[in-house]
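Visitor: Below you'll find the structure I mean.
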Amino acid sequence: MEGDGVRMREPRRRSDGSRLLLVGGFVFSILLPAGGAAASLPKREGIVLYRKKCGGCHRPYAPSELRAEEWAKVLPEMEVRAKLTPDEAETIRRYLEPDLAPSHAAKPASP
């Protein structure tokens, strides 16, 4: 109804600065793993290849971030996706093995 003296307010627009801050915070929260900062990668033979081949599509996970059985499932698929040669796959496997998170499977009792 025109002329009744009631005016609708226009919605507030965010400034470019607050919009950038909001989007930046959202992106940061997605990239930050749920448990906090990612575990650091062990510095030893194979790290350069691991970062190059595995970090090309996603962040390179520290060996201790996954259990041994999870790595056993993931590695064969990633070998194909990353187009690893057999030597590269073995180098990466040797890089990961020393720090694999222990399996939660029950261990047999010692006699």
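No value in this document is a laboratory result; all are computed from the given coordinates. From a predicted model like this one, the values you see are computed outputs, not experimental measurements. Every residue, glycine as well, gets a Cβ built from its backbone with ideal geometry; the counts of neighbours run over all protein chains shown.
Visitor: Please compute the length gained on full extension between Arg44 and His58, using 0.36 nm multiplied by the number of residues separating them and subtracting their Cα-Cα distance.
Guide: Values: separation 14, 0.36 × 14 = 5.04 nm, distance 2.04 nm.
Contour length minus the Cα-Cα distance gives 3.0 nm.
Visitor: Set Lys and Arg Cβ to +1 and Asp and Glu Cβ to -1, take the dipole of the range 39-104 about its Cα centre, and tell me which of Ala72, Ala39, Pro86 lies farthest positive.
Guide: It is Ala39, whose Cα lies furthest towards the positive end.
Visitor: Over the alpha-carbon set of the range 39-104, divide Rg by the Kirkwood Rh and report the Rg/Rh ratio to two decimals.
Guide: On the way: Rg = 10.9 Å, Rh = 11.8 Å.
Rounded to two decimals, Rg/Rh equals 0.92.
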